[in-house]
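This report concerns only the one structure given below.
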Amino acid sequence: MNTFELDNEYVAGTYGRFPIEIVSGKGSVVCDSNGKEYIDLATGIAVNTFGMCDEEWTRAVEKQLTLFQHTSNLYFSAPCARLAEALCTKTGLKKVFFSNSGAEANECAIKTARKYASDKYGEEYYNIITLTGSFHGRTVTTLAATGQDVFHTKFKPLTEGFIYCEPNNIEMLEKLTSENKVAAIMFECVQGEGGVNPLEPDFVKAMAKIAENKDILLIADEVQCGNGRSGKLYGYMNYNITPDIVSTAKGLGGGLPIGATLFGEKTCDVLGKSDHGSTFGGNPVACAGALSIVERLDEKLLTGVLKKSEYIFKSLEGAPGIKSVSGLGLMIGIETERDAGEVINDCLKEGVMPIRAKNKVRLLPALNIPDELLVKAIEVIKNAAKPI
Ligand SMILES: *Cc1c(COP(=O)(O)O)cnc(C)c1O
């Protein structure tokens, strides 16, 4: 059997895959089993920060692989400690817990918020406000956190204690935080799966004010919009706020599984010995790769991200068949007159690989995608978006 047949036979049917088998890639070009090349605008859903098999990242990972691939968290290891230092130095946050995915990073954030509020105000302060349209993961608790009914229906009962607020509705947030015993507000600065929608600055400002006044923790879910994607190191840095907890994953590892939960002043000592743990968390190979990514997310790189972003917005806004363009940095949603799925299929035929977010065509290219590939890809998207 070929790969398609084997997968259909033996892999659980949770994914609607495109009929494409990826066999290799270099930078922003990926190659399928027919030898066809695509300009990669998806990067494995914002994971391959510097594209496929980036040389610096590969070198860092290979170097660690020849030393040791894993130990347990019963011992110290340098890649984990050095990555934590880099994340704290670059953000001003104080401590880090490492895990293996976005959902786990959020689980850790939620546990920490609940322990903080419970220690300080009592066990009934367990509620966490999240936003409608959000996406926080696939575990039973992070599904509950996800503010979209479609994710809830089949898996009840979900973890209790999540309350949903409309994004950008300050009045509703004020009401919900007054009427409930709230531990934290959790949000994506740019809702990714929800349609690439950035929060409005006024709402974020009001949210931070409410949180400060009521000692409610702010949890920024930076799994998708973090690690340079938004044009700043973390998405919240576009809004001049300092969250108490930041969760991230996806692009942090540059292609290997890693999750991280960063704690600020208020939360850095909430979790104590045996309050949390992870067998693979802080894996030295994943951390060595991640460190090589984080070290490169400097001002020069971020300026490049903003330039490429500006180019995409300018080229697409107002083009025939394009209704709107949303997002921040290199996390972009395109609302098209034609069905987004059809536009994506036409792009794939032409060797360009975007993905979808709700009714939009979503672009998540490598942060260092070469300009000439970006120009080519945007032309293909414009053509595909033109009404037939
Ligand atoms: C992808 C994503 C998650 C879940 O990450 P996994 O690694 O799939 O568990 C959580 N939050 C946001 C914002 C995401 O985009």
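Of the residues Met186, Met172, which is within 14 Å of the ligand (Cβ to nearest atom) and not in a loop (DSSP other than H, G, I, E, B)?
Values: Met172 fails: within 14 Å of the ligand (Cβ to nearest atom).
Result: Met186 is the single residue among Met186, Met172 that is within 14 Å of the ligand (Cβ to nearest atom) and not in a loop (DSSP other than H, G, I, E, B).
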Does Glu104 qualify as being within 16 Å of the ligand (Cβ to nearest atom) and open to solvent by 40 Å² or more (accessible area, probe 1.4 Å)?
yes
Residue that is nearest to the ligand (Cβ to nearest atom), among those in segment 48-80 that are more than 16 Å from Val285 (Cα to Cα) and surrounded by 13 or more Cβ atoms within 10 Å (Cβ to Cβ)
Thr49
Select from segment 121-149 the residues that are open to solvent by 70 Å² or more (accessible area, probe 1.4 Å) and within 16 Å of the ligand (Cβ to nearest atom) and write down the one among them that is farthest from the chain's Cα centre (by Cα).
Val140
Looking only at segment 263-276, how many residues end up being under 15 Å from Glu107 (Cα atoms) and open to solvent by 50 Å² or more (accessible area, probe 1.4 Å)?
2
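Here's the yes/no breakdown for (1) over 22 Å from Leu252 (Cα atoms); (2) touching a His at 6+ places or on another chain (Cβ under 8 Å):
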{"position": "Met1", "(1), (2)": "yes, no"}
{"position": "Phe4", "(1), (2)": "yes, no"}
{"position": "Val23", "(1), (2)": "yes, no"}
{"position": "Glu37", "(1), (2)": "yes, no"}
{"position": "Leu41", "(1), (2)": "no, no"}
{"position": "Ala103", "(1), (2)": "no, yes"}
{"position": "Ile110", "(1), (2)": "no, no"}
{"position": "Ala113", "(1), (2)": "yes, no"}
Gly133 versus (1) in contact with a Leu (Cβ under 9 Å, 6 or more places away or on another chain); (2) under 25 Å from Gly333 (Cβ atoms): which is the lone unmet condition?
(1)
Spot the failing condition for Gly16; the list is (1) in a loop (DSSP other than H, G, I, E, B); (2) over 18 Å from Gly281 (Cβ atoms); (3) in contact (Cβ under 8 Å) with a residue 60 or more places away in the chain, and only one is missed.
(3)
I'd like to verify a number: residues in segment 299-331 that are assigned to a loop (DSSP other than H, G, I, E, B) and over 24 Å from the mean Cα position of the chain (by Cα), how many?
5
Qualifying positions in segment 328-383 - open to solvent by 50 Å² or more (accessible area, probe 1.4 Å) and touching a Gly at 6+ places or on another chain (Cβ under 6 Å)
Glu337, Lys358
If Lys181 meets every condition in (1) of a type outside the set (Asp, Glu); (2) closer than 23 Å to Gly226 by Cβ; (3) more than 18 Å from the chain's Cα centre (by Cα); (4) surrounded by fewer than 16 Cβ atoms within 10 Å (Cβ to Cβ) apart from one, which number is that one?
(2)
For Ala208, which of the numbered conditions (1) over 21 Å from Thr139 (Cα atoms); (2) touching a helix residue (DSSP H, G or I) at 6+ places or on another chain (Cβ under 9 Å); (3) away from the ligand (no atom under 15 Å from the Cβ) fails to hold?
(2)
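Can you pull out the residues in segment 109-138 that are β-branched (Val, Ile, Thr) and within 24 Å of Lys95 (Cα to Cα)?
Going through segment 109-138, the residues β-branched (Val, Ile, Thr) turn out to be 110, 112, 128-130, 132.
Across segment 109-138, the qualifying residues are Ile110, Thr112, Ile128, Ile129, Thr130.
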Search segment 248-259 for residues that are β-branched (Val, Ile, Thr) and pair each with any residue that is open to solvent by less than 10 Å² (accessible area, probe 1.4 Å) and assigned to a loop (DSSP other than H, G, I, E, B) when their beta-carbon atoms are under 7 Å apart and the residues are at least 6 apart or on different chains.
Thr248/Glu222; Thr248/Gly226; Thr248/Asn227; Ile258/Ala249
Is there any pair with a first residue in segment 32-56 that is without any contact (Cβ under 8 Å) to a residue 24 or more places away in the chain and a second that is open to solvent by 20 Å² or more (accessible area, probe 1.4 Å) and assigned to a loop (DSSP other than H, G, I, E, B) whose Cβ atoms are under 7 Å apart and which are 6 or more apart or on different chains, and what are they?
Asp32/Ile20; Asp32/Glu21
Which ones in segment 211-228 are open to solvent by less than 10 Å² (accessible area, probe 1.4 Å) and either in a loop (DSSP other than H, G, I, E, B) or away from the ligand (no atom under 16 Å from the Cβ) (or both)?
Ala211, Ile216, Leu217, Glu222, Cys225, Gly226, Asn227, Gly228
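Given the condition polar (S, T, N, Q) and under 20 Å from Thr49 (Cβ atoms), answer yes or no: does some residue in segment 361-368 qualify?
Residues of segment 361-368 polar (S, T, N, Q): 368.
Those left that are additionally under 20 Å from Thr49 (Cβ atoms): 368.
Checked segment 361-368: at least one residue is polar (S, T, N, Q) and under 20 Å from Thr49 (Cβ atoms).
The values are calculated or read from the model by the stated rules, or taken from the named source; none is laboratory data. What you are looking at is a predicted structure, and each value in this text was computed from that prediction instead of being measured. For neighbour counting, all protein chains shown are included, and Cβ atoms are generated from backbone atoms with ideal geometry for every residue, glycine included. Ligands, DNA and RNA are stripped out before the accessible areas are found, and what is left, the full protein with its side chains, is counted by its heavy atoms. Shrake-Rupley method; radii C 1.70, N 1.55, O 1.52, S 1.80 Å.
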